[in-house]
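What follows is one structure encoded as structure tokens, with my remarks underneath.
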Amino acid sequence: MLIRRPSDIPSSEITPEAVYRNRREFMRGALGLAALGLSGTGLAEPAHVTDESVKGPAWLECKIRSANTENTKSSDILTPYQHVTGYNNFYEFGYDKTDPAKYADALRPHPWQVEIAGAVAKPGVYNLEDLLKGLDLQERVYRLRCVEAWSMVIPWIGISLADLLKRFEPTGAAKYVAFTTLVRPEEMPAQKKRLGTIEWPYREGLRLDEAMHPLTLMAVGLYGKILPNQNGAPLRLVVPWKYGFKSIKSIVKIELTEHQPYTSWSAIAAKEYGFYANVNPQVDHPRWSQAQERRLPSGLLKPNIIPTQLFNGYADQVAQLYSGMDLRKFY
Ligand SMILES: Nc1nc2c(c(=O)[nH]1)N[C@H]1C(S)=C(S)[C@@H](COP(=O)(O)O)O[C@H]1N2
Ligand SMILES: [Mo]
């Protein structure tokens, strides 16, 4: 079906009514009603497949349908599908929030290969299917907080990065993990422009213990569907306690390194974007406060401004990774 632009949708339709309860409610409420444009009740079965434009190979469709939903719980209201897939940052397709949804159709995410390199016993170039073979997909509802002070709540489907990395047996020299996005200017129009801020490819990195943390996810889907191209198909990182720019999209290379890797945003402006980039309301961006955020959907009448939480609300789980570190210095 046709996905309409958020601005074309009456606010009565995009008001998220469904606080997550169980998968059935979730699919029916958040996906079904929003995507079908229905309001009220009356759908007997979960409307599972609604965005016909998102297609993938049968093996991946099948894997996504069998994702484990045991850890799918959240008291947050899910951000409607239209916003998750219509308001994006993916600079390879342009700098406007609506550019990725407009232009990412050109990306061909299948077949896809990922190079595993560096300090591992089993380096190589792997087909996506082989990379995921034997690993169970899980559904996880996470908050995503962009450094620009907007946020969403997204039901991802993916594998834990730890499970993936263990397959390649990191050696004692591995201290960091470096990730690289695809470079394919024919499909990613902004990569053709010489005048830009990012030196392609987009690159990101994590400390090994951050990468191995159980919250760290490699996503292949969202809202029970294959990942739309604009969200980083076919494979993207999701680190929910860090600013969104750490969650690198359309990954073609994962390298285990001994030293802290090059990261795109800190290369552009080291004073504004650090390597750690942990969400922290007490450490402001030099040009704006990080104390609050705009939770999407947000409009003039309903800005939906909420306080930002330390580590994006995941402090219980991740604060110990940074014990003894000065979070103002290591921003
Ligand atoms: N390759 C690549 N990955 C990227 C980006 C990008 O421009 N290129 N933008 C980042 C930023 S700034 C954010 S906030 C998130 C947005 O993810 P979403 O569009 O799926 O919400 O993707 C991150 N990953
Ligand atoms: Mo971002």
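The values are calculated or read from the model by the stated rules, or taken from the named source; none is laboratory data. Predicted model only: the values in this text are computed from it and were never measured. Here Cβ is always computed from backbone atoms with ideal geometry, including for glycine, and neighbour counts include all displayed protein chains.
Count of the stretch 239-259 residues, restricted to those that are more than 8 Å from ligand 1 (Cβ to nearest atom) and crowded, with 24+ Cβ neighbours inside 10 Å, is 6.
Report yes if Gly232 is buried (at least 24 other Cβ atoms within 10 Å of the Cβ) and within 16 Å of ligand 2 (Cβ to nearest atom), otherwise no. Yes: the conditions hold for Gly232. The C-beta contact set for the stretch 125-153 (first residue closer than 20 Å to Ile248 by Cβ and in a helix (DSSP H, G or I), second residue of a type in the set (Phe, Trp, Tyr) and more than 16 Å from ligand 1 (Cβ to nearest atom), distance under 9 angstrom, 6+ apart or interchain) comprises Leu132/Trp59.
Without any contact (Cβ under 8 Å) to a residue 24 or more places away in the chain, more than 14 Å from ligand 2 (Cβ to nearest atom) and more than 19 Å from the chain's Cα centre (by Cα): does that describe Leu256? For Leu256, the condition - without any contact (Cβ under 8 Å) to a residue 24 or more places away in the chain, more than 14 Å from ligand 2 (Cβ to nearest atom) and more than 19 Å from the chain's Cα centre (by Cα) - is not met.
Out of curiosity, is Ala174 within 13 Å of Leu256 (Cα to Cα), at pLDDT 95 or above, in a loop (DSSP other than H, G, I, E, B) and in contact with a helix residue (DSSP H, G or I) (Cβ under 8 Å, 6 or more places away or on another chain)? Yes: the conditions hold for Ala174.
Condition check ((1) of a type in the set (A, V, I, L, M, F, W, C); (2) under 18 Å from the mean Cα position of the chain (by Cα); (3) within 14 Å of ligand 1 (Cβ to nearest atom)) across all residues:
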position: Asp76; (1), (2), (3): no, yes, no
position: Gly86; (1), (2), (3): no, yes, yes
position: Thr98; (1), (2), (3): no, yes, yes
position: Ala101; (1), (2), (3): yes, yes, yes
position: Ala104; (1), (2), (3): yes, yes, yes
position: Pro111; (1), (2), (3): no, no, no
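When you look at Ser264, is it within 14 Å of ligand 1 (Cβ to nearest atom), out of contact with any Phe, Trp or Tyr (no Cβ under 9 Å at 6 or more places or on another chain) and either of a type in the set (Ser, Thr, Tyr) or within 13 Å of Val177 (Cα to Cα) (or both), yes or no? Before you say what the answer is, go through the steps one by one.
On the way: within 14 Å of ligand 1 (Cβ to nearest atom): yes; out of contact with any Phe, Trp or Tyr (no Cβ under 9 Å at 6 or more places or on another chain): no; either of a type in the set (Ser, Thr, Tyr) or within 13 Å of Val177 (Cα to Cα) (or both): yes.
Here the answer is no, as Ser264 does not meet what is asked.
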